[in-house]
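This report concerns only the one structure given below.
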Amino acid sequence: MTDALWKITGGRVYDPLNGVDGQVRDIWIQGGTIVAPPEDPHVRPASTLNAAGLVVMPGGIDMHCHIAGPKVNAARKLRPEERRGGRNVVSRTARTHSGTLGSVPSTFATGYKYIGLGYTTAFDAAVPPLMARHAHEEFDDMPCIDKGFYVLAGNNHFVMRAIQERQPDQLKGFLAWLLGAAKAYAIKLVNPGGVEVWKHHAGGNVHSLDEPVDYFGVTARQIVHDVAAAADALKLPHSVHVHCNNLGLPGNWTTTLQTMKALEGHRGHITHIQFHSYGGGEGDETTFNSKVAPLADYVNEHPNVSIDVGQVLFGETTSMTGDGPLGYYLHNVYGTKWFSADVEMESGCGIAPIKYRNKSLIHAWQWAIGLEWYLLVQDPWRVVMSTDHPNGASFLAYPQIIRLLMDRTYRQDALKDVHATVGKNSALADLDREYSLYEIAIITRAGPAKLLGLKHKGHLGPGADADVTIYTPHEDKELMFQLPRYVIKSGQMLVEDGDLRQTWEGKTLYVAPSYDADMERLIGDWFEQYYSVRFRNYPVADDYLHAAEQVACG
Ligand SMILES: [Zn+2]
C-alpha cells in the first residue's frame, strides 16, 4: 500500500471536526495523507479495505501521559517487583523488539500498546528542558506513534526572575527560546513555585495562589497569569498546560478555582483536574468529598478553560510527577518506597507506587470524581479523556472508561461496589447521561487535536494525516475499544485484529517560536553564571531528532 491511492469503503464514520456522525463515507488515502475522492470517476484505487458494518474514527490522541524522559525511566527502575518471575515481559518476535509492561512500560512496548489500542499520537506532559535529549532518545525508540512533550517551566529560575522583575518581553522571549531549544510542543506548569520551595526543605511547598516563593517573591497566581499571557502572545498552538498547586490535598478545589480565575481570560488547560477537585479538611478523612459541581459550573461558563480528567481506576500503579513534594506526601500517607530528584535551575520530580482500592473512601471518591467531570462538563470539546498515565491508571484502561461513560447501567452497578459513603453521596447516582460514539470521538481524538492546535490530526478530511482506527461494533463498549479491527498509521496498515503487521517510525512534533536576537545574549550570560552546562551545549540540535515535524505558531 506504499504511496498508491487506496480507500476504506462502506464504514460508519465518526469525524466530529467535519460534522460526520455515523454516516457511511469512503475515505481516500495517498502518501500518508487523507485526500479528496478523485473527481474523475474512472480513477480506481490500487486497493480497497471493506469496512462495511464497522466503525471508522481518526486515530486516538493522548494529550497527557508520562511515557518518556528521566522521571519515567527512574520509575521503571523503582518497580522491579512488577517484573519479578518473568511477569509483564514481552518477547521479541520477527517484527517487534522485546520489552516490559507493568505500570511503566518500556519505550518499545509503549509504542506497540498505544497502536494496538488505536492511539496514533501521544504527548508526554512533563520533561525538564535540561533533560530534553533523554526524552527525544526514548521517543526514537518508541515505534508506531507520533509524539511530543511539554516542557516544565513553572519553577524555572529565569521564568520566576523575569516575572519578579516585571519583564514580560523577557519572559516571552525566554519561553520561545526554551521551546525551540528543547524541541518541545507546549509549556507546562507543575505546582508553580511549590517545587522550588520544596527544594529548600523537606515538606516545603506553597499552599495557595498568593504565597510568595522564597528568594523570588513571586506567587503561583503571577506565574500562571504571566505564562498564560506569554503563550497567547506567542500564538502557541496549545495554551499553557497547568498542573495546579495542592494536588491530592483535601480542600484543594478552591486553589483550582483560583487558578482558573488567575488566567484572566487567557487560554489555559487544567490537567488531571480530578486530582484537584476535593472538598473536606486536612486531618479528617471522613470530610473528604467532591467539589466537581462548582468547578464544572466555572468551566461551563468560561470557554477559555479546557480540562483533561486524570481518571482513577482501581488497581496498582505508579505515581510519577514533576511535583517533587507530592512523592514525599504519598510516601508519608502510604509508607511506600519513593524517589525524589532535583533538576538544577528548572524543576524536580517525585515517584511512588500506589494502589487504588474500591473500598477506600478516598480512592472511591477519586474514581467517582473523575466520572463526575466527564458527565458534568457540557461541552465535550473542552474535556479530554486521560488517566494521567500511569498516575490514575494505565492508558490501557481507556476502554473501561468509555464503557463507564456509554453505559449507565454498568456505571450504576460499579457505583454499588465502591465505598458506601461515595455510593450514597456522589452525584453519579443521579447522572443519567450516556456518551454517544460521536462524543467519544470528540473526547479521545477530535477535541485533543483542536486543543493542541494540530490542524492535520483528529479528523478524516482531506489534508489530515491518514491515522485511522476501525472498530467492530459491540454492545460491550469496553470490548469494542480494547481490540480495534484495523489501525492505520500514516496510511500504512499496522494492526489487524490485535496483530502488529509491521512497525513504523512516527515523528516528533515540536514548536520553535521566533524571538528577538538579543535574547540569546541575555540568556547566555545568565546561563554561564548559574548552570553546570555550557549555553552552547544546551539546545537540542535539529539533526538530533530522527523524524520530526515543526508545527507552526499563529
Ligand atoms: Zn501528568
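The values are calculated or read from the model by the stated rules, or taken from the named source; none is laboratory data. Keep in mind the model is a prediction, meaning the values are calculated, not measured. For neighbour counting, all protein chains shown are included, and Cβ atoms are generated from backbone atoms with ideal geometry for every residue, glycine included.
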*Would you say ASP323 is within 14 Å of the ligand (Cβ to nearest atom), crowded, with 20+ Cβ neighbours inside 10 Å, within 16 Å of the chain's Cα centre (by Cα) and at pLDDT 95 or above?*
no
*What residue, among those in region 4-35 that are in contact (Cβ under 8 Å) with a residue 40 or more places away in the chain and assigned to a loop (DSSP other than H, G, I, E, B), is nearest to the chain's Cα centre (by Cα)?*
GLY32
_Return the residues of region 262-282 that are touching a residue at least 40 places away in the same chain (Cβ under 8 Å), assigned to a loop (DSSP other than H, G, I, E, B) and either in contact with a helix residue (DSSP H, G or I) (Cβ under 7 Å, 6 or more places away or on another chain) or surrounded by fewer than 24 Cβ atoms within 10 Å (Cβ to Cβ) (or both); say none if nothing qualifies._
LEU263, HIS266, SER277
*Can you confirm whether region 196-210 contains a residue that is out of contact with any Cys (no Cβ under 8 Å at 6 or more places or on another chain), at positive phi, among the hydroxyl-bearing types (Ser, Thr, Tyr) and assigned to a loop (DSSP other than H, G, I, E, B)?*
no
*Give the residues of region 235-245 that are out of contact with any strand residue (DSSP E or B) (no Cβ under 9 Å at 6 or more places or on another chain) and either buried (at least 20 other Cβ atoms within 10 Å of the Cβ) or within 27 Å of ASN391 (Cα to Cα) (or both), sorted by residue number.*
ASN245
*Of THR259, THR318, THR219, which residue is crowded, with 20+ Cβ neighbours inside 10 Å, within 16 Å of the ligand (Cβ to nearest atom), farther than 22 Å from TYR374 by Cα and not charged (D, E, K, R)?*
THR318
*When you look at ASP226, is it surrounded by 19 or more Cβ atoms within 10 Å (Cβ to Cβ) and within 15 Å of ILE187 (Cβ to Cβ), yes or no?*
yes
*Counting only residues that are in contact with a Lys or Arg (Cβ under 9 Å, 6 or more places away or on another chain) and farther than 30 Å from PRO143 by Cα, how many does region 520-545 have?*
4
*Just one of PRO45, PRO41, PRO37 is within 29 Å of GLU439 (Cα to Cα) and either away from the ligand (no atom under 16 Å from the Cβ) or of a type in the set (Phe, Trp, Tyr) (or both); which is it?*
PRO37
*Pairs with Cβ under 8 Å, 6+ apart, first in region 248-259 and among the aliphatic types (A, V, I, L, M), second part of a loop (DSSP other than H, G, I, E, B)*: LEU249/GLU282
*Within region 349-365, can one find any residue that is more than 30 Å from GLU528 (Cβ to Cβ), over 23 Å from the mean Cα position of the chain (by Cα), at pLDDT 95 or above and polar (S, T, N, Q)?*
yes
*Enumerate the pairs (first residue in region 419-433 and within 15 Å of LYS291 (Cα to Cα); second residue anywhere and of a type in the set (Val, Ile, Thr) and at pLDDT 95 or above) with beta-carbon separation below 9 Å, excluding pairs fewer than 6 apart on the same chain, so at least 6 apart or on different chains.*
SER426/ILE369; SER426/VAL418; ALA427/VAL292; LEU428/VAL422
*Do you know which residues across region 241-251 are in a loop (DSSP other than H, G, I, E, B) and either within 16 Å of the ligand (Cβ to nearest atom) or under 16 Å from TYR150 (Cβ atoms) (or both)?*
CYS244, ASN245, ASN246, LEU247, GLY248
*asked:* Looking at (1) within 18 Å of the chain's Cα centre (by Cα); (2) closer than 30 Å to ASP342 by Cβ; (3) among the charged types (D, E, K, R), which one does LYS113 not meet, given that it meets all the others?
replied: (2)
*Report yes if HIS459 is buried (at least 22 other Cβ atoms within 10 Å of the Cβ) and at pLDDT 95 or above, otherwise no.*
yes
_Positions within region 36-50 being outside any loop (DSSP other than H, G, I, E, B) and either surrounded by 24 or more Cβ atoms within 10 Å (Cβ to Cβ) or of a type in the set (A, V, I, L, M, F, W, C) (or both), in sequence order_ = LEU49
*asked:* Looking at HIS238, HIS276 in this structure, which one is within 16 Å of the ligand (Cβ to nearest atom) and within 23 Å of VAL422 (Cα to Cα)?
replied: HIS276
